[in-house]
1. Specify whether the C-alpha gyration tensor of segment 55-161 places it in the rounded, prolate or oblate class, a ≥ b ≥ c being the square roots of the eigenvalues: rounded for a/c under 1.5, otherwise prolate if a/b is larger than b/c and oblate if not.
2. For an R0 of 30 angstrom, estimate the FRET efficiency from the Cβ-Cβ distance between residue 398 and residue 97 and round to the nearest 0.05.
3. Return a whole-number percent for the relative contact order of segment 277-347, with Cα pairs under 8 Å and 6 or more residues apart as the contact set.
4. Please sort 76-83, 392-399 by packing, taking for each peptide the average over its residues of neighbouring beta carbons within 10 angstrom, highest first.
5. Among 349-360, 13-24, how do they line up by average Cβ neighbours within 10 Å per residue, starting with the highest?
6. Say each of residue 377 and residue 197 gets a label point 7 Å from the Cα, pointing the same way as Cα to Cβ; how far apart are those two points in nm?
7. Give the span of segment 104-201's Cα atoms along each principal axis, as three whole-Å numbers ordered largest to smallest.
8. With r defined as the distance between the Cβ atoms of residue 4 and residue 297 and R0 fixed at 45 Å, what FRET efficiency is calculated, to the nearest 0.05?
């Protein structure tokens, strides 16, 4: 029963993640440019990213609590529906040229991002401890298709928006609204049986297995395990969001069009999710701690390359953003596996929601600070600072490994 239910759960989650990936990519691609166009200031261009990431923090804890009380299906479906509502608000704000409405709508739109990340936990609810990272990675990789296609539709959706009298930069939010709404519908109709509720029923008599005690690659059962998982994901999120947010603005300011920045972001989003199957195998096979450490090193390389890349080199910026996405992926999969191993089913969804709040706050901080740093010191300083900051995961990993 568990195997069949897990297979169905992953199938439904994959479909919803493909849809939500397109919605998620819209704000990444044009959110900063839309704010810059409305406000006429680069210093506040990072505010949209901060707002929809802050909105995702509120949504993360809400989705986590709803999932804890009622199961994954209502929590995830409500999150995507809220993201669709926020997308509609962004379009209305662009039509009315109302920055206040734009910022409020971006906050609501952030629910889609939080839900997209929360879905990875649903993929692990019924998975065996030795296959958890692979289950998590299956859900994450499904985001790739929508996440890669979405940014490359920035220009076509802009043209479509223009035919309706909507500003071109708001065009991708047409796609986001439809994608999030369809994702909510898929989950509401087909995520049955609910994976979290079924896992509780099946595993009542197997607490040792569920806590991950039999998983050979699991992290230590020490209290610091959950803290380490959260720290890895928080640091990688902060660095990734800060550099990613300002890359389209950096390119725009040096003469690149929407198509070029859309391509770079598409490559970045692909690198965030496409390596997930391999990452899952590495985490399950070589251990959570080794992959977590690798995430910090790769993010350092991404920051150095982004800082050194000539502004007219789309290829080098694309490579830097690819490394940025890969480092984030390694951190997310390893950190998620650590959290899932450490926290028991009885409180798992609520704890996962709380951890994702911290991740979202880190992303909001990175997004908000990125515009200020670029305005004061330039994009290379932002990229290099982010790369150096990513090394903070290494002493935490070393301390945890030493305490095993």
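Where a number appears in this text, it was derived from the coordinates with a stated rule and is not lab data. Given the structure is predicted, the values throughout are model-derived calculations rather than measurements. With ideal geometry, Cβ positions are generated from the backbone for all residues, glycine too; neighbour counts draw on all protein chains shown.
1. Note, shape of segment 55-161 comes out oblate.
2. Computed FRET efficiency for residue 398 and residue 97 comes out at 0.05.
3. Here the relative contact order equals 41 percent.
4. Top of the packing list down: 76-83, 392-399.
5. The peptides rank, most packed first, as 13-24, 349-360.
6. 5.1
7. 53, 24, 22
8. Step by step, r from the Cβ atoms, then E = 0.65.
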